[in-house]
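Reviewing the structure listed below.
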Amino acid sequence: MATEVERKTDIGPPHYEKFLHPLVKENYGKWEYHETLAPGVLMHHGPAGDLYTVRVSSPRLVSINFLNNILDLADKYADGYLRFTSRNNVEFLLANKDNIEPLKKEISELGLLVGGTNNAISNIVHTQGWVHCHSAATDASGLVKSVMDELAEYFTSQKLPAKLRIAVACCLNMCGAVHASDIAILGVHRTPPKIDNATLPNLCEIPTTVASCPNNAIRPTSIEGKTTVKVDEDKCMYCGNCYTVCPAMPLADPLNDGVSIWVGGKICNARSEPMFTKLAIPYLPNNPPRWPEVTGAVKNIVEIYAANAKPYERVGEWINRIGWPKFFDLTGIEFTKYHLDDFRHAGTTYRRSLHNRY
Amino acid sequence: MATEVERKTDIGPPHYEKFLHPLVKENYGKWEYHETLAPGVLMHHGPAGDLYTVRVSSPRLVSINFLNNILDLADKYADGYLRFTSRNNVEFLLANKDNIEPLKKEISELGLLVGGTNNAISNIVHTQGWVHCHSAATDASGLVKSVMDELAEYFTSQKLPAKLRIAVACCLNMCGAVHASDIAILGVHRTPPKIDNATLPNLCEIPTTVASCPNNAIRPTSIEGKTTVKVDEDKCMYCGNCYTVCPAMPLADPLNDGVSIWVGGKICNARSEPMFTKLAIPYLPNNPPRWPEVTGAVKNIVEIYAANAKPYERVGEWINRIGWPKFFDLTGIEFTKYHLDDFRHAGTTYRRSLHNRY
Amino acid sequence: MADDLKTPLLDELEKGPWPSFVKDIKSLAGKKEMAKDLLRQLEKSYEDKRGYWKHGGLVGVMGYGGGVIGRYSALPEEFPGVSHFHTLRINQTSGWFYTADALREILNIWEEHGSGLLNVHGSTGDLVLLGTRTEELEPTFRALTEKGWDLGGSGSDLRTPSCCVGPGRCEYACYDTLSLAYNLTHAYQDELHRPMFNYKYKIKMSGCPNDCTAAIARSDMGIIGIWKDDIQVKPDAVAEYVDSGLDVQGLVVENCPTGCIELDGNEIKIDNSNCVKCMHCINVMPKALSPGKERGAAITLGAKAPIVEGALFGSVIIPFMKLEEPFEEVHDLIERIWEFWDEHGTNRERIGEFIERVSLATFLEGIGEKPLPQMIKAPRDNPYVFYEEYYAEEGEGEK
Amino acid sequence: MADDLKTPLLDELEKGPWPSFVKDIKSLAGKKEMAKDLLRQLEKSYEDKRGYWKHGGLVGVMGYGGGVIGRYSALPEEFPGVSHFHTLRINQTSGWFYTADALREILNIWEEHGSGLLNVHGSTGDLVLLGTRTEELEPTFRALTEKGWDLGGSGSDLRTPSCCVGPGRCEYACYDTLSLAYNLTHAYQDELHRPMFNYKYKIKMSGCPNDCTAAIARSDMGIIGIWKDDIQVKPDAVAEYVDSGLDVQGLVVENCPTGCIELDGNEIKIDNSNCVKCMHCINVMPKALSPGKERGAAITLGAKAPIVEGALFGSVIIPFMKLEEPFEEVHDLIERIWEFWDEHGTNRERIGEFIERVSLATFLEGIGEKPLPQMIKAPRDNPYVFYEEYYAEEGEGEK
Ligand code: SRM
Ligand code: SRM
Ligand code: SRM
Ligand code: SRM
Ligand code: SF4
Ligand code: SF4
Ligand code: SF4
Ligand code: SF4
Ligand code: SF4
Ligand code: SF4
Ligand code: SF4
Ligand code: SF4
């Protein structure tokens, strides 16, 4: 460590103006309209001139090598300016329309895809999985890669009825968008935490651990004179909140961990109000490296949706129009007791009218 | 008691066929369509001929004199056949169209009204009130009389956008249709039960009484050596369930009992699904014999609805179209903290989207 | 009118166009001390703004646990005429059809044994005889049964089932409500008269989704007519409506909740696979449209007023059942439901609250029905699934 | 590629059209032991179908309580390269705008001090530097701050606020999201870096109801652009859309959730009093329609993932607020909210759960806001009102 300079703290992020393309600065707040020139290519019109955006896929988990390549392209075609989107795509911001095609060519040479705009499947919002998180019931990056390999044509085209947003989370903490996505893939545990009685008394505060369980499944107990906890297995619904609070209660279980599939959520207010994602498939096995059951299930839903929904109809809006019985019918997904809600507001999900399709 | 005949039990009600007009029997299950000939007058067409129904108001709480008059008219004009409706109106069933007018004339001479069909305000579903129930926070029959005097023109005409169903209940037990009516009038207590410590220990089982409270406001306590209960006034929301279980905990309180007004419920599945009635006015005073504040409030809502709703739009459907902010605006009803739900599913009533009108 | 009856407040309620219950009670005040003291006590209630009835006691007729609501004045010295003022709930007929003669027999009995006041009808559907003394209960009951009338329910029993006019006068009826109501009331006499349930159990039957008995809101078990196939359309009659100037586009097509009707000139096309059987189009054009031919009922469970967990609408347990005499399938279902509720429900827990407590899945398992997507608005949105199958080292298992 | 790296399962993920994270990590495996051992451990996870990370410990940089997530391998002997594998969360820029040069500076620091792997970006919005050792944390931090970059949030603190591209490239922006995000992040440095809350507090800012940052679903506080007055219409441009063959009737008019648009030839008429600002018509015809002129934001509170009471969407607390620099009104609101939550919330209770527990009415009182009908879908349907005013013999009172 070289010369001792004063250590800075609480400086916050740099001011964004430093990073705005001159054309963005001039048009700032004055944009008039936009057009989608091609999948992944937007034109925003403003009084100071048109800005061209080229949107590029990213695995999100990237190396400095990946980014250096991207930055070089930004220098070459976008005056050194770029941004990332809220779904982790890269966006090159071009003042010069003529740069679009050469840029696209080089992107493609890097093995990346241009797309994700308009009625496409954009990048998957996802999480850490086995790459970094202690809590994961499945891997996130591998699932995303497997699913997007199947669905890449929907990223590079805009042929779906509407935007289709997918999310992956590796445990019930749902770090991301699982609870409000058109399709969501969620890692699940299916067996109660395994208590490590040797370490628990040292690692965990008993009252906090007991209190962490939403279903009161955890009780203090004493083993060989030391206070630890036990779990009432009938009451446990594998949420993992105890494990977050107490490391000595891991839920990982290679035989039983796996993936559930959810559908019909949305975030934007366009047409319908935001909707939660609802359970479609309670359990599919973890089958790395390619999770064929999961990719197959997701692709099936996407294709049935694509064939049946009306323009501008998001997955949830489509299901609301045709009804859930028809959704299960069309997709061939089995309806089970697990689909029946039994949590806090379960009663509000019961069909309390005669409005039904047969 | 005259000669001893064997006492019958469990005979059930008589068979309905005995009471069916011959024309009803012939057309039974074969009716083809109906028409409303005039307010309160229906024609049902069947293969065996047309049946004419004349619907007549009833206060429901009636004397044998009232009914004897009705029965005489049934004999005279309806071959002795009549029925009552699920909203307590009287229906004369006529095979002869020519009897309609003379019957209507005699009905009117009895001081009764013909109407209640189609887009009318039909009879009010109501309860016992101070006439018979120990639990009442207000009177039912007097409220109904007062309100219907104001609204009689809507019973005898069909000029509303749609059917409008009113219910009255004299306490939170809601014996009737309060929770699913276009407009509902509900008697409310606003102070906790007054405990009669002298009689409670003899009259009530303590554990049952304690358990009866949905909010755990009741605790056992001891006064002069006898076990009785006390109420945590902060937790009591005046539901009266304890009083149902334990007579020594009356809630009646002349200074504070009164009436709340609710709107927007419906039962039928036509167009929209059934809807619960929602709070409009948290409290109006008991002001017998005419409850002017209540009749005024109800009339105001009816008139604003009549002026603003579209054809076939029930009160709740109308409010859903225009939004609650507009409802409060148009009716001039004050929006208060009491309108914000704070019971079990309160969170599901919060506005969880940007869909709003300003 | 007795001249010692001073009711200035109640007198106000004799005015106005709506029929007056006060006038009507007064019409009896000359011959019935009960009617007179009822008015006096009510006048005092109107003055003091509170009721004067005591919590009812246990009164009834021999061998029955229900059908009578005990009621005593809190001021028996002041109003001796209503010191006892019990009601009897009489089973109405299916669809509230009567003949004048039959009703007169009841009125005569009531003139002799009671106050001469009635509710026609009570909110549950009974013919309510309002006000008599304890010692009159048994004689009244005997007189009634002699004429063929029996008591209805009260307390923790099956309450008097009630039904809409149905096939008796309605072209929409998808099953015979009158017959089923009669059948069930007779089949379950014991359950009706001897309270042995956890709490009350109400059955209401409506012949179609218009639900004119409010079954979805006011009955623990609603049996509501429905059809499965296509709405029947009479094209000529549609054309007539259009020609007669009915705004079919605005009033029918645009009000269809699923937008599944199309109007093309004076023809309509219905996408029945998307029709949710709401009845609206049929209601507006009864001459042209009617329910399909494959008819039956949906069965809902759990409607109730708000005490204590909040009001509930019924929830669909059987999306579709054919309903034909002798209705064995309904009996079978009812008995499975009662058995499970009886075994696992708690005191004062209505079936709707029971289902919410044990969960719909458990309830269905308990009564032996399969889960169907028609039973819900939407699948769960929370991930708290109690998975029951799992893999153990040795192979597959079930908890 | 190091030839001692055998990852047959992961190798499968190098195939296919979507960019491969495995390929990318491998590109570093030659120079970074961390990357190599990450692949090895991950390969083992793929074989065994389970993760091999230990619950994180308390690691961080001096004086900060957040911004670093500690992570250790559960198999440090087998995979020493990842025995430590902590992440640093770096505050992204407003709207994720960067220059290549600025990012390169970060990459260089990360090449020196860490694994060379990143998440661009994390789900909350941070630039996540993925994997370094405890002893590298302080030097990395020092190097970053020297270049002007600071850490984001983690733990029970204010999390890194994030915002949509907004006025930077979007014609729909109803307020300056970039400026507000910058402002808030700087105003609340202490709350961001020193966890003192009951639990995490996330702020997301979207410029309009399209909500491109998912504020309504993923932020304790959502600040979402909105307008109050009429949608701005350019009639010529509408006509152009119609003439160009856009099915305005089918795609716009019929998709308006409140049916408040009418198309008459090539003119449209909007009943703005019924418009719920859903954005759909504007989205379909951006050249012709735009948000009104009276712009600001609605503020929602309480969105979160399901742990533990179930997922929540945000709920509207401020239906409309004008948003102009220096954003004092927002600061004032935030501080009132934090104060009340701090005083009455419990450990690990997100603001959404807190509001549901204490009730919206109490919460509003606590932060000094008036109840408005815009805050709810509908008023209560249960009669369990805690009346607070009452009359006592001596006059009016309040409990
Ligand atoms: C770049 C980005 C904002 C950012 O700051 O990063 C963005 C940018 C735009 N969004 Fe968005 N949205 C972005 C995430 C979102 C999200 C959040 C998410 O996906 O997690 C949503 C909510 C999704 C949901 O409802 O589940 C979102 C819902 C929309 C919608 C509403 C879509 C609909 O259901 O009708 C529009 C309107 C439209 O597409 O016409 C929209 C429109 C737009 C426009 C057209 C706005 C404009 O005029 O510039 C931009 C290009 C759209 C496109 O991609 O086709 N944006 N947009 C985000 C790109 C993510 C990506 O890489 O794909
Ligand atoms: C006689 C009665 C059934 C009975 O067995 O007693 C009955 C009879 C008819 N109902 Fe009803 N309904 C009767 C109570 C109800 C109820 C229950 C209630 O009010 O508590 C409802 C549900 C109300 C609600 O949703 O809150 C009800 C909702 C309907 C509807 C749907 C109305 C709508 O919202 O669109 C129709 C359809 C219509 O009117 O065209 C209907 C239609 C009819 C028809 C036209 C059916 C027919 O073809 O005969 C009958 C005459 C209607 C009229 O009064 O205009 N009936 N109807 C009840 C008369 C009550 C009264 O005295 O006013
Ligand atoms: C007489 C009647 C009102 C009327 O004027 O019509 C009535 C009167 C009483 N009801 Fe009721 N209920 C009557 C129909 C209803 C209805 C409507 C219905 O059946 O369609 C309801 C709402 C639907 C339901 O069942 O939930 C109803 C919901 C209640 C409740 C609340 C139950 C709940 O779970 O929320 C109670 C309280 C209780 O059960 O402890 C109750 C309790 C009572 C008691 C027994 C009072 C008590 O707390 O013990 C009342 C006796 C009054 C009296 O002095 O006669 N009554 N009660 C109705 C029965 C007449 C009949 O047999 O035809
Ligand atoms: C890194 C990140 C996932 C990612 O790959 O992007 C992440 C990772 C973790 N999250 Fe998260 N969360 C991340 C964004 C989210 C989001 C999305 C968002 O912020 O928009 C959510 C859902 C929204 C929300 O806040 O509710 C989210 C909801 C959770 C929860 C559930 C909280 C709840 O109330 O339901 C937990 C569990 C907890 O707090 O105890 C959690 C806990 C965790 C922990 C700290 C695991 C734990 O139990 O202690 C994870 C550390 C993983 C690791 O090894 O690095 N994380 N977490 C995201 C932060 C990156 C960044 O700073 O940009
Ligand atoms: S979703 Fe669960 S496993 Fe995945 S990163 Fe978040 S906390 Fe970790
Ligand atoms: S996993 Fe969840 S439900 Fe099971 S014991 Fe832990 S906290 Fe309780
Ligand atoms: S609503 Fe209440 S007061 Fe009225 S009859 Fe029913 S139980 Fe009695
Ligand atoms: S009135 Fe209701 S809330 Fe109050 S003490 Fe009695 S049971 Fe409890
Ligand atoms: S419920 Fe249906 S069948 Fe019965 S009377 Fe009403 S409209 Fe007719
Ligand atoms: S019954 Fe209702 S849903 Fe079915 S076609 Fe008619 S209006 Fe539409
Ligand atoms: S939220 Fe609205 S303002 Fe922000 S980028 Fe999306 S569309 Fe544009
Ligand atoms: S913004 Fe939405 S609600 Fe408003 S007019 Fe446009 S489509 Fe209709």
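Points to keep in mind about this one:
- In the stretch D:104-209, the C-alpha radius of gyration followed by the widest Cα-Cα span (Dmax) gives 15.2, 46 angstrom.
- Sites residue A:310 and residue A:10 - FRET efficiency at Förster radius 60 Å, r taken between beta-carbons, to 0.05: 0.70
- Packing-based order for A:279-292, B:73-86, using average beta carbon neighbours within 10 Å, highest first: B:73-86, A:279-292
- Cα gyration tensor shape of the stretch D:203-360, rounded if a/c is under 1.5, else prolate or oblate by comparing a/b with b/c: prolate
- Counting only lysines at least 8 places from residue C:26 when in the same chain, those with an alpha carbon closer than 17 Å to its own are B:145, C:6, C:15, C:36, C:44.
- Peptide B:280-289, shielding by other chains (average Cβ, 10 Å cutoff): 4
- Residue-level result for chain D: its Cβ closest to the axis carrying D onto C, with that distance in Å, is D:254, 5.
- Over the stretch B:83-210, the reciprocal of the mean inverse Cα-Cα separation, the Kirkwood hydrodynamic radius, stands at 17.3 Å.
- Take every Cα pair under 8 Å whose residues are at least 6 apart in sequence, average their separation, divide by the length of chain C, and the relative contact order is 11 percent.
- Note on residue B:198 and residue C:389: the model spin-label points, each 7 Å out from Cα along the C-beta direction, lie 6.8 nm apart.
- Hits among aspartates and glutamates - C-alpha to C-alpha of residue D:49 under 12 Å, sequence gap 8 or more where chains match: A:139, A:253, A:257
- For the peptide D:280-291, the mean number of other protein chain Cβ atoms found within 10 angstrom of a residue's Cβ is 3.
- Comment: the Cα-to-Cβ extended label point of residue C:30, at 7 Å, lies 11.7 nm from its counterparts in the other copies, nearest first.
- Cα pair distances exceeding 36 angstrom across chain B, given as percent: 36 percent
- At 1.306 mPa s and 10 °C, Stokes D of the stretch B:245-354 from Kirkwood alpha-carbon radius, µm² per second: 99 µm²/s
- With the label put 7 angstrom out from Cα along the Cα-to-Cβ vector, residue C:392 ends up 6.6 nm from the copy partners, going from closest to farthest.
- Evaluated over the stretch D:232-290, the Cα radius of gyration and Dmax, each in Å: 10.1, 29
- Copy-to-copy label separations for residue D:329, where each label sits 7 Å from Cα toward Cβ, in nm and ascending: 6.2
- The percentage of C-alpha pairs in the stretch B:1-50 whose separation is greater than 15 Å is 64%.
- Global form of the stretch C:8-146, assessed from the alpha-carbon gyration tensor, a/c cut-off 1.5: oblate
- For the stretch C:8-146: relative contact order, % (alpha-carbon pairs under 8 angstrom, 6 or more apart): 20 percent
- Peptide C:320-330 shows a mean partner chain C-beta count of 0 within 10 Å per residue C-beta.
- When chain A is treated as a Gaussian network with alpha carbon springs shorter than 10 Å, the biggest mean-square fluctuation among A:129, A:240, A:46 belongs to A:46.
- To the nearest ten degrees, helix B:292-308 and the longest principal axis of the Cα atoms of chain B are 60 degrees apart.
- Reducing the stretch A:155-227 and the stretch C:157-182 to their Cα centroids gives an inter-centroid distance of 51 Å.
- Taking Cα centre as origin and charging only the Cβ of basic (Lys, Arg, +1) and acidic (Asp, Glu, -1) residues, the dipole magnitude of the stretch C:8-146 rounds to 260 debye.
- Overall Cα dimensions of the protein assembly as shown - principal axes, largest extent first, Å: 117, 82, 67
- Rg and Dmax [Cα atoms of chain C; Å; Rg one decimal, Dmax integer]: 25.6, 92
- Coarse-grained scattering of the stretch B:191-277 at q = 0.13, 0.26 Å⁻¹, given as base-10 log I(q)/I(0) from a Debye sum over alpha-carbon atoms: -0.52, -1.26
- In the stretch C:280-325, the ratio of gyration radius to Kirkwood radius, Rg to Rh, stands at 1.17 when only Cα atoms are counted.
- Alpha-carbon gyration tensor eigenvalues x 5, square-rooted, for the stretch B:40-153, Å: 28, 15, 13
- Label point distance in nm, residue D:336-residue C:269, each placed 7 Å from Cα along Cα→Cβ: 5.7 nm
- Phi-based couplings in Hz for the stretch C:70-84 (Karplus 6.51, -1.76, 1.60; Gly and Pro marked x): x, 8, 10, 5, 7, 10, x, 5, 5, 10, x, x, 10, 4, 10
- Calculated FRET efficiency for the pair residue C:294/residue D:324, C-beta based, R₀ 60 Å, to 0.05: 0.40
- Whole-number percent relative contact order across chain B, with pairs defined as alpha carbons under 8 Å at least 6 apart: 12 percent
Quick note: the coordinates plus some simple rules give every number you see, no bench work behind them. Not measured: the values here are computed from a predicted model. In this analysis, Cβ positions are derived from the backbone assuming ideal geometry, glycine residues included, and neighbour counts consider all displayed protein chains.
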